[in-house]
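> My structure is below; once you've seen it, I'll send some questions.
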Amino acid sequence: MTTDTIARPEQRPASRAPERASRRRPRAGTVTGLLLLAPAVVAVLGLAIVPILLVARNSFAESNVYGGITGGFTLENYAHLLDPVYAKVLGYSLGMALLNTAVCLVVGYIVSYYIVSRPPQRQSLLLLLIIVPFWIDFLVRTFAWISVLGRGGPVFGILEALGVDTASLSLVPSQGAVVMGLLYAFLPTAIFPIYASMRAIDPSVKEAAADLGCGWWQTHFRVLMPLSSTGIVAAAMLTFIPTLGVFVIPVLLGGGKDQLVGNLIVTLYTEFRNQPMGAAVSMLLLVLMLLAMAVAGLIARRGRKKAA
């Protein structure tokens, strides 16, 4: 009894000492992970977080005669956003973003369903054909639409061959050209998420729906679309958010008559030389994007709960 009671206390500290020492020493894997993560953290801070904070600070600053930042703190920049001019631009931007999102989702869903229904080898070829045109610069592709829709282009040639009077017809600049340009610019961002979600659906699900009496429309609206809702929501978010900030397409294809929020920000910074007001509109655009992401997240969460 005495020997055991004397030996046990001596063995306990000896066995626990290495454990305590190992707990105090930082793990080599943790240090390596932090070192590997450091460049990404610095890049995000320097290229994203810090610029956003500077724009947020400038949105509350006062401007001098030349539109520069003079410091101070004021809410007048945000109060000016209630002006009918800014409200009109905001309403037009939201309308065009919703329209472009709806068109991209419809066309993207049809294209994605067609690609999924093809053999695997053809699927890769079709996806490559969608990606290849977007290797060209965005500005060059936008100028190409001016040649396609302008006089002397293929569209006018087809209309004249059909006997349509094109003397008073103008496709560029026009709202239709803006819609076509936005659809062309953001259609791939709608196709790929929907395609990825459709590809994960078991083909036997569609066959089971047909065996149970579902027609083509019922199979899509009651079976395939709910199962691919995650990709549809992601496609809507990836289409709606960038459309709000685009500014090249409305200027080149729309003539700059109706501006989006992105055009307004560029105009305030470059032409009006009003940096605080441009920063305030930029923060408004950021808030709209965050709200869109929050709504998309809620819809996706509800879809996952229903699927579960």
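Read the figures in this text as sums done on the coordinates, not as results from a lab. As the structure is a computational prediction, the values presented were derived from the model and not from experiment. Virtual Cβ from ideal backbone geometry, glycine too; neighbours counted across all protein chains shown.
> Among 93, 168, 228, whose mean-square fluctuation peaks in a Gaussian network model of the chain (Cα, cutoff 10 Å)?
Highest fluctuation among the options: 168.
> Using a Gaussian network model of the chain whose springs link C-alpha atoms within less than 10 Å, name the residue from 56, 235, 280 with the highest mean-square fluctuation.
Of 56, 235, 280, the most mobile in the Gaussian network model is 56.
> Using the number of other C-beta atoms within 10 angstrom as an exposure proxy, rank 47, 238 with the fewest first. Mind dumping the intermediate values first?
Numbers: 47 10, 238 19.
Ranked by crowding around the Cβ, least crowded first: 47, 238.
> Would you compute, from DSSP H runs of 4+ residues alone, the mean residue ellipticity of the chain at 222 nm, taking -39500 (n - 2.57) per run and dividing by the full residue count, rounded to the nearest 500? Spell out each step's value before the answer.
Numbers: 15 runs with 224 residues, N = 308.
Calculated at 222 nm, the ellipticity per residue is -24000 deg cm²/dmol.
> In which sequence would 73, 60 go, from the one with the fewest C-beta neighbours within 10 Å to the one with the most? Walk me through the intermediate numbers first.
On the way: 73 8, 60 18.
Listed from fewest to most nearby Cβ atoms, that is 73, 60.
> Once label points are set 7 Å from the Cα along Cα→Cβ at both residue 139 and residue 42, what is their separation, rounded to one decimal in nm?
For residue 139 paired with residue 42, the spin-label model returns 3.1 nm.
> Assuming R0 = 51 Å, can you tell me the calculated FRET efficiency for the pair residue 165 and residue 76, based on Cβ-Cβ distance, to the nearest 0.05? It would help to have the intermediate numbers written out before the result.
Values: r = 52 Å, r/R0 = 1.02.
With R0 = 51 Å, the Cβ-Cβ based efficiency is 0.45.
> Would you work out which of 66, 144, 230 lies farthest towards the positive end of the dipole of the chain? Charges go on Cβ: Lys and Arg +1, Asp and Glu -1.
230
> Does segment 142-237 come out rounded, prolate or oblate, given a ≥ b ≥ c as the square roots of the eigenvalues of its C-alpha gyration tensor, rounded meaning a/c under 1.5 and, failing that, prolate meaning a/b above b/c?
Values: a/c = 3.97, a/b = 2.24, b/c = 1.77.
Prolate is the answer for segment 142-237, as a/c is 1.5 or above and a/b outweighs b/c.
> In what sequence do 166, 189, 30 fall when counting other Cβ within 10 Å, fewest first? The partial results should precede the final answer.
Values: 166 13, 189 18, 30 9.
Arranged by neighbour count, lowest to highest, 166, 189, 30 become 30, 166, 189.
> With Rg/Rh (Cα atoms, Kirkwood Rh) in mind, check [x] 1.17; [y] 0.99; [z] 0.94 and report the label derived from this structure.
Answer label, from the structure shown: [x].
> Can you grab the distance from the C-alpha centre of segment 193-220 to the C-alpha centre of segment 96-148, Å, no decimals?
Taking the Cα centre of segment 96-148 as reference, the centre of segment 193-220 is 22 Å away.
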